[in-house]
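Colleague: Quick one: the structure is below, questions incoming.
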Amino acid sequence: MEPLLKALHQKGYQNPTPIQQQAIPVALDGRDVLGLAQTGTGKTAAFALPILQLLATAGSTKNNKRKIRALILTPTRELAIQIAECFREYGSYTSLRHCVIFGGVKQKVQTDQLNRGVDVLIATPGRLLDLMNQGFVDLGNVQHFVLDEADRMLDMGFIHDIKKILPRLPRQKQTLFFSATMPPAIHTLSRTILNHPTRVEVTPVSSTVDTIDQYLYLVDKQEKKDLLVQLLRDQEKQSVLVFSKTKHGADKIARVLCKAGIGSEAIHGNKSQNARQRALTNFKSGKTQVLIATDIAARGIDIDQLELVINYDLPDVAETYVHRIGRTGRAGNSGVALSFCSQEEHKLLRDIQKLIGKKLDMVSVPA
């Protein structure tokens, strides 16, 4: 247990989260896990720590004979990078090697790492399939398989890619399956790939927002940008995540804020991987005060002390609202979420309030 205990101490996990308390003992026992948990609940540690412990206990092979023994599949490049950072930190007391592969960048750096041999591979489905078809990846020795954010995989159209990858994995392996929600297609997939799994579940999505102060501004669509500028000028030195429904909208908001002298960057799927990573790094370091993101791009953003989230546009799906605002108020910290609602969005507001079981506190638009 030595590497696991050191990693726990290093990362301050003396008080593990509910998903870690439930999942880690089961995973360490080698059993399959069906985990219902969203981003921000500590689920990365819930699968990374036991996998590292099991691999370290089993011992590593010589450098020229390393085989991929653990595969983590995740939907977005940002989330893949985030998971890789966790494996680097948690595995710092072991001799295990990991590699992260994703699309949008040249493959040579990734294939060079693979050729040197890795124990743990973190990947997005498209690039993994591509490199498998080129002969750079062999999954025949995988002992631990993690399918992370399965519902988002479905939303992004990756289920067909996953179904192509699954037959290339050994029949005998441990599978850890995580999803925030369980639509029928994901439920069917979980039953297909899991073997007598232990179900672990954290607080239902509708009640995770109780610790976050939520406020509502009823505002005309064309007045949203002026309200945003006014609010952000009052939030100096505070990191703020702003959600836009569209990529074009995110870029437009960023231009408006920069013109107003408020440091901001947009992050979405049309940006290059380098641009997205640079924007994330600038935001995390405090160099950029405001990050404007679409829902898919924001899935991999994991910042412990984010104090304010603003819904510039309300999401079409009520559960997405909970995912968005759940990026603040983490790890016992206080958090605030502000939502702008135009006349056209009143139905979306009703759906959100029905899901969370309460009305948002209305605030008057500043004169």
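The values are calculated or read from the model by the stated rules, or taken from the named source; none is laboratory data. Keep in mind that this is a model prediction, so the values were computed, not measured. Positions of Cβ are generated from backbone atoms using ideal geometry, with glycine treated the same way; all protein chains shown enter the neighbour counts. Surface areas here come from the heavy atoms of the whole protein model, side chains and all, with no ligands, DNA or RNA. Shrake-Rupley method; radii C 1.70, N 1.55, O 1.52, S 1.80 Å.
Colleague: For residue 168 and residue 112 in the same chain, what is the full-extension length gain: residue separation times 0.36 nm, less their Cα-Cα distance, in nm?
Modeller: Full-extension gain reported as 18.0 nm.
Colleague: Now for a separate question. Keeping the other protein chains in place, figure out the carbon and sulfur percent of the accessible area of the chain, with a 1.4 Å probe.
Modeller: Of the solvent-accessible surface of the chain, carbon and sulfur hold 48 percent.
Colleague: Then there is this: Under 18 Å from a point 7 Å along the Cα-to-Cβ line of residue 141: which residues of the range 160-177 have their amide N that close?
Modeller: 168-174
Colleague: Using only the C-alpha atoms of the range 83-159, find the volume of their convex hull and express it per residue in Å³.
Modeller: Looking at the range 83-159, the number lands at 112 Å³ per residue.
Colleague: For residue 97, list long-range residues whose amide hydrogen, built 1.01 Å from N in the peptide plane, is under 5 Å from its own amide hydrogen.
Modeller: Sorted by chain and number, the residues that satisfy this are 119, 120.
Colleague: Taking the Cβ of residue 109 as the center, what net charge do the other residues with Cβ under 13 Å away carry, scoring Lys and Arg +1 and Asp and Glu -1?
Modeller: Here the charged neighbours net out to +3.
Colleague: Next up: Quickly rank 222-231, 286-295, 177-186 as a protection proxy: mean count of other C-beta atoms within 10 Å, highest first.
Modeller: 286-295, 177-186, 222-231
Colleague: Okay, moving on. I need the calculated FRET efficiency for the pair residue 223 and residue 285, taking r as the beta carbon distance and R₀ as 30 Å, to the nearest 0.05.
Modeller: Approximately 0.40, to the nearest 0.05.
Colleague: Long-range amide H contacts for residue 200: which residues qualify at under 5 Å (H placed 1.01 Å from N, peptide plane, sequence gap of 5 or more or a different chain)?
Modeller: 34, 35, 36
Colleague: For residue 216, list long-range residues whose amide hydrogen, built 1.01 Å from N in the peptide plane, is under 5 Å from its own amide hydrogen.
Modeller: For residue 216, whose amide H was placed from the backbone, the distant partners under 5 Å are 339, 361, 362, 363.
Colleague: Now for a different question. As a test of the definition: which semi-axes, in Å, follow for the chain when you take the square root of five times each eigenvalue of its alpha carbon gyration tensor? Largest first, please.
Modeller: Values for the chain, descending: 37, 22, 19 Å.
Colleague: Could you give the C-alpha radius of gyration of the range 43-126 expressed as a fraction of 2.2 N^0.38 Å, taking N as the number of residues it contains?
Modeller: 1.04
Colleague: Using the Karplus curve 6.51 cos²θ - 1.76 cosθ + 1.60 with θ = phi - 60°, what ³J(HN,Hα) values do you get for each residue of the range 348-361, in whole Hz, with x for Gly and Pro?
Modeller: Once θ is set to phi - 60°, the couplings for the range 348-361 become 4, 4, 4, 5, 5, 5, 5, 5, 7, x, 7, 8, 6, 6 Hz.
Colleague: What ranking, highest mean first, results for peptides 348-355, 359-366 when packing means the other Cβ atoms within 10 Å averaged over each residue?
Modeller: Per-residue mean Cβ counts within 10 Å order the peptides as 348-355, 359-366.
Colleague: Determine the calculated [θ] at 222 nm for the chain from helices alone, applying -39500 (n - 2.57) to every DSSP H run no shorter than 4 residues and normalising by the residue count; nearest 500 deg cm²/dmol.
Modeller: Mean residue ellipticity, 222 nm, calculated: -12000 deg cm²/dmol.
Colleague: With a 1.4 Å probe and all protein chains kept in place, how much accessible area does residue 272 have, in Å² rounded to the nearest 10?
Modeller: Approximately 60 Å² of residue 272 is accessible to the 1.4 Å probe.
Colleague: Then there's this: In nm, what is the difference between 0.36 nm times the number of residues separating residue 317 and residue 31 and their Cα-Cα distance?
Modeller: Extending this stretch completely gives an extra 99.6 nm.
Colleague: Now for a separate question. Would you list the P(r) distribution for the range 92-208, with all Cα-Cα distances sorted into 5 Å bins from 0 and each bin expressed as a whole %?
Modeller: 2, 9, 20, 21, 19, 15, 9, 4, 1, 0
Colleague: Which of the residue pairs 247/284; 259/359; 43/173; 245/347; 252/354 have a Cα-Cα distance greater than 23 Å in the structure shown?
Modeller: 259/359; 252/354
Colleague: Between residue 132 and residue 354, 0.36 nm times their residue separation minus their Cα-Cα distance comes to what?
Modeller: 75.4 nm
Colleague: Which whole-number percent is the relative contact order of the chain (Cα, under 8 Å, 6+ apart)?
Modeller: Contact order relative to length: 19 percent.
Colleague: What figure, in Å² to the nearest 10, do you get for the accessible area of residue 347 with a 1.4 Å probe and non-protein molecules left out?
Modeller: That residue has around 120 Å² of solvent-accessible surface.
Colleague: Let me ask you something else. Please work out the average accessible area per residue across the range 113-221, using the 1.4 Å probe convention, and give it in Å².
Modeller: The answer is 47 Å² per residue.
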